[in-house]
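*Asks:* Starting off with a structure, shown below.
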Amino acid sequence: MREKSLILLLAGVFTGLLAGCAAGPKYPPYAGKDAACVRDDVRFTNTFSPTKAQVTIKEIDGVPTDGPRDEPYCMPGGKHRFGVRASTDFYESQDYVDIELAPGRSYQLRANIRGISHVFELMDVTEKTEVKAFEFSLKAQSGGQQLMVPIFVPRR
């Protein structure tokens, strides 16, 4: 019994190591004084809004990120290529966009569904008042199937 437990433990550790190795590189943190920081928008309240999108930064400059998180992604100021994804109710959009970031600024990337597109806004949130720094649109596609729930009405 002990041997079997030891074998299962070693198999689990080995599988965990392989999964960690297969994950690949993640976007590295940057803490320079010229850092421009961008936060995605995956607030829980967006799930229940018919127009506000869950926005995730999936890649920066060709390097995958570790998905939605509370901390912003920081990088040197300048032009960067973002792989972004937005989802609302039954619509999704994702693509790459090049954005010029000013050094030492903080940004929030948001999106809303408008017509057939997700309209993204990069808001400069460095100061108390938010200022729109950049806007772009991505065509929304059907993102899933609607859940159909049958309702049975008993006869009298």
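The values are calculated or read from the model by the stated rules, or taken from the named source; none is laboratory data. Keep in mind that what you see is a predicted model, and the values were worked out from it rather than measured. With ideal geometry, Cβ positions are generated from the backbone for all residues, glycine too; neighbour counts draw on all protein chains shown. All accessible areas refer to the heavy atoms of the entire protein, side chains included, with ligands and DNA or RNA removed. Shrake-Rupley method; radii C 1.70, N 1.55, O 1.52, S 1.80 Å.
*Asks:* Could you pull out every one of the strands (runs of 3 or more DSSP E) wholly within the range 61-156 that has 3 or more residues that are open to solvent by 40 Å² or more (accessible area, probe 1.4 Å)?
*Replies:* Of the strands (runs of 3 or more DSSP E) lying wholly inside the range 61-156, those with at least 3 residues that are open to solvent by 40 Å² or more (accessible area, probe 1.4 Å) span 78-88, 91-101, 106-114, 131-139.
*Asks:* From the set of residues in the range 31-60 that are open to solvent by 40 Å² or more (accessible area, probe 1.4 Å) and closer than 15 Å to Q94 by Cβ, which is modelled with the lowest pLDDT?
*Replies:* The extreme case among them is V42.
*Asks:* Right, another one. Which residues, counting only those in the range 72-91, are more than 12 Å from the chain's Cα centre (by Cα) and on the phi < 0 side of the Ramachandran plot?
*Replies:* Across the range 72-91, the qualifying residues are C74, M75, P76, G77, K79, H80, R81, T88, F90, Y91.
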